[in-house]
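Everything below concerns the one structure shown next.
The values are calculated or read from the model by the stated rules, or taken from the named source; none is laboratory data. Model, not experiment: these values are computed from the prediction. Note that each Cβ is placed from the backbone with ideal geometry, even for glycine, and that neighbours are counted across all protein chains shown.
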Amino acid sequence: MTMDAAAPHCLLGMFDEDYTLDDYKGAEPRWCVGCGDSAILAAVQRLCRDEQLAPEKTVFVSGIGCSSRFPHYMHTYGFHGLHGRALPVAEGIKLQRPDLHVFVITGDGDCCSIGTAHWIHAIRYNMDMTVLVLDNGIYGLTKNQASPTSPLGLKSNTTPQGTVLEPINPISVTLGIRNASFVAQAVDWIPELVHDIVDAAFQHKGLSFVRVLQRCPEYLDGRYDAWVKDPGKMLLLNHENGIQTSPALASVYKNHEIHDPADRNRAREIASTSDPIPVGVLYRNQSIPCYENPRGPDRLYTPDVVKGVLEKELDRFTIQAVGGGGD
Amino acid sequence: MDKSLSALTAFHITGERLAGELDDVGRLDLRPALFGAYRDLSKLRHDFPLVLVNGDAGGGFVRSLSGVVDEILSDIAPHGIAGERLRQHVLKLEQEARSLAAGGEARSLGEIWDDAGRRLTAKTDAAALPQLEESLAQAREGLRFDGETVACDGELPVKFVTHAWTLDKRQRTQRLRDKLDDLTLTLSNILHTDVDNVEEAQGAEKLKRSMGKALEDEFDFDAMSRLLRTAPTGETLPEARRRRLNSVLTVFKSQRFLPPAENSRKRGRRKEPYGFVFDSCEEVLEAIQKRRPEMAKLVKAVAIAELEVANRYDESKHDQFFSHFSHHHLHVEDFALFPPYLVRLHGDSAVAAERTALWQVLSSGLPIKVLVQYDDVLGGDMLGPERLTANIKGPQLAAMALGLGNVFVVQTSSAYLFRLRDSIATGLASDGPALFSLFSGAPPGNAAASNNSPNVAPYLKAAAATESRAFPGYVHDPEAGGDWASRFHLETNSQPDADWPMRDFHYQDAGLQRNATETAFTFIDFVACDRRYANRFARVPQSSWHDGMIPVKEFLDLDAESAASKVPYIWMIDERDALCRAIVEDSLVSAARQCRDMWHSLQELAGINNSHAQALLAGEREIWQKEKEQELEALRGQLEAAAAAPAAPSAAPVAETPGAAAVETPSAAPAEVPDEAVEAGPVEEPYIETPRCTTCNECTELNDRMFAYNDEMQAYILDPDAGSYRQMVEAAEACQVAIIHPGKPRNSTETGLSDLEARAADFN
Ligand SMILES: Cc1ncc(C[n+]2csc(CCOP(=O)(O)OP(=O)(O)O)c2C)c(N)n1
Ligand code: SF4
Ligand code: SF4
Ligand SMILES: [Mg+2]
């Protein structure tokens, strides 16, 4: 190392490692053969490698479900939390450690059933994190119960006669929340787009909500066959402010729409179509403020300061001995 | 030469007034004729007064009163007749405010606005009052910010630039503060990770105490403790790291480049924070020299902290580097971390006194911003007796700074300052040195207005300096690109393509008929505002006007021979606005030529009438013409040949673009059909469309010697012979995205091939 050549801030770059895909591989996945989660995992690992995210600066937080096993399979920090509670845990992490890249992996049951309240408020907070809902339309881990996104009439362990309620559409709901700042949809069977869309989500400052339609061959076999087999039934959303399909992919998937992610009304219309299935960035708004700011306007809340403040506050309630000085 | 012309010529050449009627224009109090329209500036809607906007109210750091009024009106006054009354009222208020602001005292826009409102209501009669008051109230509501108003006077350049600088400094200071705060927070958190106490906290005793008496018996705290201790606890902070973090925090706390935070405890014990505004280049250089060791300390601390926060501090690599790091290793880029410096110099004498230091500052590459305010462009001795050529001092410094290449330069006069506000801000925000060379137009304090004609307001004088090319405006932004076209801009001047701007000029003749003509505003018109040079002009009474008198602009365009029989004049007006002609001494004409030459070189830098380009263009045009002639010649030959042979095809059209290749005869062979058009035949070799693979494990589970994942975790055929054709076909069927193409069987002895081939057909 030559002493006079490098300004110290170059040092950060000088020693940067070159991460490979293997650096992001954690435990051996235990998903069923054919499960769409594997495609999403591989795409996310490729993204981490492409963005060269330091594994120790990256954290994957999940709830409970097949999909929520995701953090185990990443060689980064991870938190496999409580059912439905991935988002509040992630918020806590982001508040305390704004320097970390926070990813949240949740399922349709985890997010849209037991975790709905957290979902709505997480969108409102708009903290800087990337949220992937792996939506297979079923409770997979607990072996085949209907979820809020199950198709109408689906027979499952909890609905032997078939479901009687219309499913909810997670992207439509999210778009309905005032503070939503990034909403996108991907499908596990076009992994290149999973990569590109999650990348756009990752680049976005604020909470990016990505619903990934995911095949569960175990309990909902063939659910998306029609779309998997016929590329013409997919609608790719392209825009310079969203994602742009590669020429190779565009030659297979020929059905495109130029959609400006700033157009929220059009985004709502697109969100409500299920055939063709829209894929891409539906909505993006960089101007919505993020909630996380670990300190007050001028105040530096180091642990010492916090301790001082707490002690002062507690002192106010300390009972003074009678006659022990004072007025 | 006739007699009347010879008297004029004599004055022109020698300055001698032979005829008694050639009056000195100074005594007559004449002004350039184009100033006629601008007697009372308060009636004129122009940029002034300006408002230096407090805080970040949006709309920029400085606004013009008229701009503010326009914006309010467009918000509150409906289009058309409905909004007309409101518009009239508010425009009156603006005029009132403008004359109040010209008073010279520093007052806020809010105060002036209210004052103007009171004056206006006092003047208005009772019947019209309610409507006026309503309008004024509405307008006041629309005024959503405040700030100091500044007129176009001698204080403007300093106030303007200092205000912009303060905002930029505030932003940079905030950036540095945020950075140090973030790092401090993270480092403190690392220091407080309480792994040292984990041992104790996991003990049964401690667990028991934390539970409280009531539930004590319900739990087996020993078991709980044993369970907890199986969890990994992390390592305690090594002593060396703890020391390193603490010393970084100490440097952050003791640095003097930022003022202490508003509510920081322990205020008063700290040393005074550093100042960043100076009135001398020598002082700024000295201050920076003194501060360098401390700067280096902070740069080093920040670098260490960033490495620590990124988890990249490697003692074996970094310790040695940092132990040797001192102010000798500071880089120019390191200065970007710190607030920028501002030096304010006043007048040519200050520049002369500090020449060496100023040059050092400008060539340092450091973010030192230098404001040089000129109140006098010409100087009293521009045509001093010992001089062979004129010496126009004002614009010299900036022109020289352009030569340094990496200095951000803005030159302009006060009149155009507002229009260049964004450039001033960009220059301040840039990471390198900047020079703001500004002409105020105000009377220089020491010379007691001696060089100013009393009727000329600073705004007019400033505008005239730029308009006449005596003090041209330009912006040079070294960071805007690699060539002069992107770095240098001359557009702030009127009619930048011309030598002198041409203006329409209306007047009434003796018969009270309205006349219009065009007249140039030249360097000489600017000199005519300056009393020190009044004796270089002579008014010629109309009775003595002669055909040999021609406008200065035309005179300057003549060659020496044709000029010999002419005398140049400019149009002027007296205090009653009566037009007259003033002829000009030759020494001034030479000065004007020099000014025009300097202007020409600026034009060339800006790509206007570039001499190299013009020479090149002329050459290219000649070549192109020759080529075209040859082509035409060839075509004519072809046509003649065609006429001779009737069956030949007609000639191809002539290419019209310059430089196009000679016309080719179309080839007789039909174009080859591109490969893609041929339908692909059935697949022979098995393959996978790997980029579409969803990593679903179906195929790899089936036979992991046949199918494998590549570096991207997507499947490919590792070895087609590592399994049977049956497996290949089953994999293709199992693949959810149908991207496995089994091809033809490779081993003809395998059983059931015909059935398998039929199944494979769907995937090939
Ligand atoms: C509080 C709580 N309630 C219920 C459960 C049972 N449970 C485990 S996973 C799951 C549903 C998971 O569905 P989803 O989020 O869609 O994940 P998938 O398995 O489909 O990926 C449920 C209800 C639990 N673990 N915790
Ligand atoms: S049950 Fe469904 S979602 Fe869960 S691992 Fe199996 S295929 Fe995937
Ligand atoms: S079966 Fe298809 S999608 Fe699955 S891993 Fe093999 S090639 Fe990839
Ligand atoms: Mg599910």
- Query: If you scan the stretch B:334-348, which residues turn out to be within 14 Å of another protein chain (Cβ to nearest Cβ) and either outside any helix (DSSP H, G or I) or over 14 Å from B:Leu176 (Cα atoms) (or both)?
  - Reply: B:Phe338
- Task: Quickly run through the stretch A:119-173 and pick out the residues that are away from ligand 4 (no atom under 14 Å from the Cβ) and small (Gly, Ala, Ser).
- Result: A:Ala122, A:Gly153, A:Gly162, A:Ser172
- Those residues of the stretch A:198-212 that are over 16 Å from A:Asp128 (Cα atoms) and away from every other protein chain (no Cβ under 12 Å) come to a total of 1
- Just a yes or no: is a residue in the stretch A:155-169 more than 13 Å from ligand 1 (Cβ to nearest atom), touching a residue at least 60 places away in the same chain (Cβ under 8 Å) and over 22 Å from B:Val737 (Cα atoms)? yes
- When the stretch B:15-44 is examined, which residues are found to be free of Cβ contacts under 8 Å to residues at least 60 places away in the same chain and either among the aromatic types (Phe, Trp, Tyr) or part of a helix (DSSP H, G or I) (or both)? B:Ala37, B:Lys43
- Query: Among the residues of the stretch A:186-230, which ones are within 16 Å of ligand 4 (Cβ to nearest atom), of a type outside the set (Ser, Thr, Tyr) and more than 11 Å from the chain's Cα centre (by Cα)?
  - Reply: A:Ala186, A:Val187, A:Asp188, A:Leu213, A:Gln214, A:Arg215, A:Cys216, A:Pro217, A:Glu218, A:Leu220, A:Asp221, A:Arg223
- Note on the structure: Counting only helices (runs of 4 or more DSSP H) entirely within the stretch B:458-549, those with at least 2 residues that are among the β-branched types (Val, Ile, Thr) and surrounded by 15 or more Cβ atoms within 10 Å (Cβ to Cβ) are B:523-527
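What are the residues in the stretch A:25-81 that are among the charged types (D, E, K, R) and more than 11 Å from ligand 1 (Cβ to nearest atom), if any?
A:Lys25, A:Glu28, A:Arg30, A:Arg46, A:Arg49, A:Asp50, A:Glu51, A:Glu56, A:Lys57
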- Item | B:Val351, sole failed condition from (1) more than 17 Å from B:Ala287 (Cα to Cα); (2) within 11 Å of chain A (Cβ to nearest Cβ); (3) crowded, with 19+ Cβ neighbours inside 10 Å | (2)
- Message: If I ask for residues that are over 25 Å from A:Ser272 (Cα atoms) and either out of contact with any strand residue (DSSP E or B) (no Cβ under 7 Å at 6 or more places or on another chain) or surrounded by 18 or more Cβ atoms within 10 Å (Cβ to Cβ) (or both), which ones from the stretch A:157-168 would you list?
- Response: A:Pro160, A:Gln161
- Message: Checking B:Gly154 against (1) in contact with a Ser or Thr (Cβ under 9 Å, 6 or more places away or on another chain); (2) within 30 Å of B:Tyr274 (Cα to Cα); (3) part of a helix (DSSP H, G or I), only one condition comes out false. Which one?
- Response: (3)
- Message: Taking the criterion of being more than 14 Å from chain A (Cβ to nearest Cβ), over 21 Å from A:Asp22 (Cα atoms) and either more than 6 Å from ligand 3 (Cβ to nearest atom) or not in a helix (DSSP H, G or I) (or both), would at least one residue in the stretch B:705-714 satisfy it?
- Response: yes
- Item | Scope the stretch B:272-297; condition part of a loop (DSSP other than H, G, I, E, B) and either within 15 Å of B:Ser254 (Cα to Cα) or within 14 Å of chain A (Cβ to nearest Cβ) (or both); matching residues | B:Glu272, B:Pro273, B:Tyr274
- Item | Per-region count, the stretch A:54-80, residues at pLDDT below 95 and assigned to a loop (DSSP other than H, G, I, E, B) | 1
- Checked the stretch B:424-440 for anything out of contact with any helix residue (DSSP H, G or I) (no Cβ under 7 Å at 6 or more places or on another chain) and crowded, with 23+ Cβ neighbours inside 10 Å; matches are B:Gly427
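Being over 26 Å from the mean Cα position of the chain (by Cα), surrounded by fewer than 18 Cβ atoms within 10 Å (Cβ to Cβ) and either within 14 Å of chain A (Cβ to nearest Cβ) or within 21 Å of B:Val409 (Cα to Cα) (or both) narrows it down to one of B:Lys300, B:Lys393, so name that one.
None of the others qualify; the one that does is B:Lys393.
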- Item | A:Thr106 being within 12 Å of ligand 1 (Cβ to nearest atom) and either within 14 Å of another protein chain (Cβ to nearest Cβ) or within 13 Å of the chain's Cα centre (by Cα) (or both) | yes
- Note on the structure: Residues of the stretch B:303-331 being of a type in the set (A, V, I, L, M, F, W, C) and either assigned to a loop (DSSP other than H, G, I, E, B) or facing chain A (nearest Cβ under 7 Å) (or both), in sequence order, are B:Ala303, B:Leu307, B:Val309, B:Ala310, B:Phe321, B:Phe325, B:Leu330
- May I ask you to verify whether A:Arg211 is buried (at least 20 other Cβ atoms within 10 Å of the Cβ), in contact (Cβ under 8 Å) with a residue 12 or more places away in the chain, within 16 Å of ligand 1 (Cβ to nearest atom) and in a loop (DSSP other than H, G, I, E, B)? no
- Query: Does the stretch A:44-62 include one or more residues that are of a type in the set (A, V, I, L, M), closer than 19 Å to A:Leu213 by Cβ, away from ligand 2 (no atom under 13 Å from the Cβ) and in contact (Cβ under 8 Å) with a residue 40 or more places away in the chain?
  - Reply: yes
- Item | Of all residues making up the stretch A:31-72, the number that are under 24 Å from A:Gly137 (Cβ atoms) and more than 16 Å from ligand 3 (Cβ to nearest atom) | 14
- Starting from the stretch A:22-42, keep only residues that are on the phi < 0 side of the Ramachandran plot, then list their pairs with residues that are assigned to a loop (DSSP other than H, G, I, E, B) and more than 14 Å from ligand 2 (Cβ to nearest atom) whose Cβ atoms are within a distance under 6 Å, requiring at least 6 positions of separation or different chains. A:Tyr24/A:His75; A:Lys25/A:His75; A:Gly26/A:His75; A:Ala42/B:Met713
- Message: When the residues of the stretch A:86-102 are narrowed to those that are within 10 Å of A:Val59 (Cβ to Cβ) and away from ligand 1 (no atom under 16 Å from the Cβ), which ends up nearest to the other protein chains (Cβ to nearest Cβ)?
- Response: A:Arg97
- Query: Among the numbered criteria (1) modelled with pLDDT under 90; (2) crowded, with 21+ Cβ neighbours inside 10 Å, which single criterion is violated by B:Lys553?
  - Reply: (1)
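Could we say that B:Ala760 is touching a Cys at 6+ places or on another chain (Cβ under 8 Å), crowded, with 20+ Cβ neighbours inside 10 Å and part of a helix (DSSP H, G or I) here?
no
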- Message: Yes or no: the stretch A:299-316 includes at least one residue that is within 16 Å of ligand 2 (Cβ to nearest atom) and either surrounded by 15 or more Cβ atoms within 10 Å (Cβ to Cβ) or modelled with pLDDT under 95 (or both).
- Response: no
- So, in the stretch A:110-132, of the ones that are near ligand 1 (Cβ under 9 Å from one of its atoms) and outside any loop (DSSP other than H, G, I, E, B), which residue ends up nearest to A:Pro217 (Cα to Cα)? A:Asp110
